[in-house]
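First up is the structure itself, then whatever we jot down about it.
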Amino acid sequence: MKINRTYNITVLTLFPEMFPGSLGYSLAAKARENRVWDLQTVNIRDFADDNYGTVDDVPYGGGPGMILKPEVLGRAFDANIPGKDWDKIVLTPRGKPLTQNRIKKISTKKGLLIVCGRYEGLDERFVKSRSLEEISIGDYVLTGGEIPAMVLVEAISRLVPGVLGDPESVVEESFTDGLLEYPQYTRPRDYQGFKVPEILISG
Ligand code: SAM
């Protein structure tokens, strides 16, 4: 398969072994094999500077849990500087809600760097100093940013040319024009007394 470019993704995470996860299946996996898109993971812990691999510390002001240290995150980021035309996203419940519109814009860029949080989150100074965009996948709290990263990458990868077999599929999808897709049916015409709407049969 001839492709014009590869959409590159770098994921900073404490759990690189979680990837590619769901992205290793079906059309996304095939497109990755064909280098339509590619993903590399970076283990944040490799950038700890003590023998224990310490990546977190207690929060200033008290409170439960631990915060990912800015120096460790900063070193991980600086060793994997994203391209000029890349988006740089950190996943956090506090971020802007992810929408199909935002995903569409992200998919037109050359690449994407994603930072996955863990524990109580990341030191704010890392987020600000590297000008990261904060994105949330919904108003609920997960344990880490890895599943949100997969959600983000899967949604983006569907829009990268060459991933879906039929490019028309994304044109009529839900949210594309601010509308939701109509209900779909296949054979048989009558399923346990539930019939396919007449209008779809008469054409
Ligand atoms: N203390 C944080 C708060 O109250 O907002 C929650 C931290 S959460 C337990 C740990 C990490 O999971 C976050 O840093 C983030 O990377 C990820 N995460 C959890 N829920 C998320 C969501 N809804 N959207 C994006 N990332 C999320």
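The overall shape of the stretch 1-117 is prolate: from the C-alpha gyration tensor, with semi-axes ordered a ≥ b ≥ c, the ratio a/c is 1.5 or greater and a/b exceeds b/c.
The calculated FRET efficiency for residue 101 paired with residue 166, based on their beta-carbon distance and R0 = 22 Å, is about 0.50.
If R0 equals 22 Å, the separation of the Cβ atoms of residue 175 and residue 139 corresponds to a calculated FRET efficiency of about 0.80. Other residues whose C-beta falls under 11 angstrom from the C-beta of residue 56 contribute a net charge of 0, scoring Lys and Arg +1 and Asp and Glu -1. Using the Cβ-Cβ distance between residue 49 and residue 80 with R0 = 30 Å, the FRET efficiency computed as 1/(1 + (r/R0)^6) comes to roughly 0.95.
Centroid-to-centroid, using Cα positions, the stretch 1-73 and the stretch 157-176 are 25 Å apart.
Applying a threshold of 30 Å to the alpha-carbon distances of 105/128; 104/128; 30/128 flags 30/128 as lying beyond it.
Once the Kirkwood radius over Cα pairs is known for the chain, the Stokes-Einstein relation at 4 °C and 1.567 mPa s delivers a diffusion coefficient of 68 µm²/s. Ligands, DNA and RNA excluded, the heavy atoms of residue 56 present near 30 Å² of accessible surface to a 1.4 Å solvent probe.
The values are calculated or read from the model by the stated rules, or taken from the named source; none is laboratory data. If you're wondering where the values come from, they're calculated on a predicted model, not measured in any experiment. Note: ideal-geometry Cβ built from the backbone for every residue, glycine included; neighbour counts use all protein chains shown. Quick note on the areas: whole protein, heavy atoms, side chains included, nothing else; ligands and nucleic acids left out. Shrake-Rupley method; radii C 1.70, N 1.55, O 1.52, S 1.80 Å.
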